[in-house]
Amino acid sequence: MMQAGERKTLADLGLSERLEVRVECDLHGTDFSAFGLQGGKLADDRYMVFYNQPRSPEGAITLRPPGEFTFELQALPPAVDEVYLTATHDESPLSNAGRLNVSFGAHTFDVKPHLKAEKAVMLLRLYRHSGGWRLAAVAQGFNGGLAALVGHFGGEVAETANEPLPAASAPPVTSPVNLRKERQRVILEKAEREQPGLVSLIKTASISLEKRGLSEAQYRVKLILDISASMQREYQNGAVQKLAERALALAARLDDDGEVEVYLFGVKAHRKGALSLGNVSGFVNRMGVELEGGTHYNPVMTMLREDVRREGFDIPTLVLFITDGGTSNRDAVVRQMIEASREPIFWKFMGIDQAAGKGGFLGGLMQRAAADSFGFLEKLDDLQGRMVDNADFFSVPASIDLPDNQLFDSLVNELDSWQRDARRAGILR
């Protein structure tokens, strides 16, 4: 049984990209529709599949009344990046139904407990993510009917000749919601239930974004963590876990999924999957990190850029790159940054200063090493030859005990100016 706000890959649900979905409702007069969207708007009127148009152009979405849908997701054009499955009623709130649930494979989502006065409800969302498809249980909607839903997705419903227009003084019959804010609200409610300790972090992250004019910004968030041997203490004392939690809090306000893809690098590059509200507790310990005897940026940067290209450039990416040392093959990293300046990726480099507060001969050696390493990161911050400035650098003491508001302010510093310049350069839509 899935819960509202829950998101899973199709593979995790035991489903393929060809799936059958059945909607059951005992409220007479309820209609079911599917909307193929591009960037949150109806990609084409032909991708509204309902009783009067039961098939998308290539047959990737089909409806067999009353509520049996077949999805051939691999057949959808790349422009269609999400599909919403909906239920609507022209006269009665759907909460009057005795039963409203959705079945897919061996799973069921009971929508009924989440309903109030809505006459149009978004039941499920299928969406592209990290090169594959995921499914989210939604249960959010409008007090209006089908017309409100179609209007929200950027379409139009023709007026019926014998249908009287509402009086000018009548109150509006719809209560449209901002879909993005609704998703964020669901994530916050889930945090309150499952990870109450993260709620204040999410709110603090929101303030830092608002100060930069980024309250409506949407980014995929990636976290890259250094696993060179000199990072041992940060892994052992919980500092890296705290960083992961703050990255997740930021993603809760920037990424519709509220998830962070995690990468590790030392000598080699490693993908470690998605960090989410459901698995954040003890995430770093469960990774089973094996520290490596070197620091090479280039392999992990190559891996991440490949993943971003595979996911598509429709949504920009914010990379949180955490390291305490310099890199071998600096020329290759410079080339990476110049090439990546044409891509919708902003690189935030955070240097962990292991020499902070240390004295003596060893402290002096560490300070010189840090100056060399961080000098290179500052060079990346100010690198010439890029299409736009696509990076920012800041450093913190090894304890990483900055106040949360200062850390979030640093993590989103220059993101607004990069976003503006990237749009002017045609890198962002």
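The values are calculated or read from the model by the stated rules, or taken from the named source; none is laboratory data. Computed from a predicted structure; not experimentally measured. In this analysis, Cβ positions are derived from the backbone assuming ideal geometry, glycine residues included, and neighbour counts consider all displayed protein chains. When the accessible area is computed, the model is the full protein with side chains, heavy atoms only, and any ligands, DNA or RNA have been set aside. Shrake-Rupley method; radii C 1.70, N 1.55, O 1.52, S 1.80 Å.
Considering only residues in the stretch 376-391 that are among the charged types (D, E, K, R) and modelled with pLDDT under 95, the one that is nearest to Arg212 (Cα to Cα) turns out to be Asp381.
Among the residues of the stretch 263-270, are any charged (D, E, K, R) and under 27 Å from Met303 (Cβ atoms)? Looking through the stretch 263-270, at least one residue is charged (D, E, K, R) and under 27 Å from Met303 (Cβ atoms).
Can you find, within the stretch 72-87, the residue that is nearest to the chain's Cα centre (by Cα) among those that are assigned to a strand (DSSP E or B) and not β-branched (Val, Ile, Thr)? Going through the qualifying residues, I end up with Glu82.
Taking every residue in the stretch 272-298 that is assigned to a helix (DSSP H, G or I) and pairing it with any residue that is among the β-branched types (Val, Ile, Thr), at least 6 positions away or on another chain, the pairs with Cβ-Cβ distances below 6 Å are Val284/Val240; Tyr297/Thr327; Tyr297/Val333; Asn298/Val333.
Of Asn329, Asn285, all but one fail to be open to solvent by 50 Å² or more (accessible area, probe 1.4 Å), touching a Phe, Trp or Tyr at 6+ places or on another chain (Cβ under 9 Å) and modelled with pLDDT under 95; the exception is Asn329.
Just to be sure before I move on: is Arg310 open to solvent by 50 Å² or more (accessible area, probe 1.4 Å), assigned to a helix (DSSP H, G or I) and either modelled with pLDDT of 95 or more or out of contact with any strand residue (DSSP E or B) (no Cβ under 7 Å at 6 or more places or on another chain) (or both) in the structure I sent? Yes: the conditions hold for Arg310.
For the stretch 6-22, the condition of being within 26 Å of Lys112 (Cβ to Cβ), within 22 Å of the chain's Cα centre (by Cα) and among the basic types (Lys, Arg) holds for at least one residue. Only one of the numbered conditions (1) at pLDDT 95 or above; (2) more than 18 Å from Ile224 (Cα to Cα); (3) in contact with a strand residue (DSSP E or B) (Cβ under 7 Å, 6 or more places away or on another chain); (4) not hydroxyl-bearing (Ser, Thr, Tyr) is not met by Arg342, and that is (3). Of all the listed residues (Leu73, Leu100), the sole one being open to solvent by less than 10 Å² (accessible area, probe 1.4 Å) and under 30 Å from Arg271 (Cα atoms) is Leu73. Any idea which of (1) under 24 Å from Glu194 (Cα atoms); (2) modelled with pLDDT of 95 or more; (3) open to solvent by 10 Å² or more (accessible area, probe 1.4 Å) is the one Leu291 doesn't satisfy? Every listed condition holds for Leu291 apart from (1). Residues that are within 22 Å of Ala274 (Cα to Cα) and over 15 Å from the mean Cα position of the chain (by Cα) within the stretch 207-234 comprise Ile224, Leu225, Asp226, Ile227, Ser228, Met231, Glu234, listed in sequence order.
For every residue, the table says whether it meets (1) at pLDDT 95 or above; (2) among the β-branched types (Val, Ile, Thr).
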position	(1), (2)
His28	no, no
Asp31	no, no
Gly40	no, no
Val49	no, yes
Gln53	no, no
Thr70	yes, yes
Thr88	no, yes
Asn101	yes, no
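Checking each residue in the stretch 255-279 for being within 20 Å of Thr327 (Cα to Cα) and open to solvent by less than 20 Å² (accessible area, probe 1.4 Å) picks out Val262, Tyr263, Leu264, Phe265, Gly266. Checking each residue in the stretch 296-308 for being touching an Asp or Glu at 6+ places or on another chain (Cβ under 8 Å) and not hydrophobic (A, V, I, L, M, F, W, C) picks out Arg305, Asp307.
Among residues of the stretch 103-132 that are at positive phi and in contact (Cβ under 8 Å) with a residue 60 or more places away in the chain, none has a beta-carbon under 8 Å from a residue that is among the hydroxyl-bearing types (Ser, Thr, Tyr) and open to solvent by 20 Å² or more (accessible area, probe 1.4 Å) at least six positions away or on a different chain. Counting only residues that are crowded, with 22+ Cβ neighbours inside 10 Å and basic (Lys, Arg), which one in the stretch 186-234 is farthest from Gly282 (Cα to Cα)? Within the stretch 186-234, the match that is farthest from Gly282 (Cα to Cα) is Arg220.
Picking from residues in the stretch 104-148 that are open to solvent by 30 Å² or more (accessible area, probe 1.4 Å) and of a type in the set (Ser, Thr, Tyr), the one that is nearest to Gly39 (Cα to Cα) is Ser130. Taking the criterion of being outside any strand (DSSP E or B) and farther than 19 Å from Val121 by Cβ, the residues of the stretch 48-71 that qualify are Asn52, Pro54, Ser56, Pro57, Glu58, Gly59, Ala60. Considering the stretch 1-35, and only residues there that are within 24 Å of Glu192 (Cα to Cα) and out of contact with any helix residue (DSSP H, G or I) (no Cβ under 9 Å at 6 or more places or on another chain), the residue that is surrounded by the fewest Cβ atoms within 10 Å (Cβ to Cβ) turns out to be Met1.
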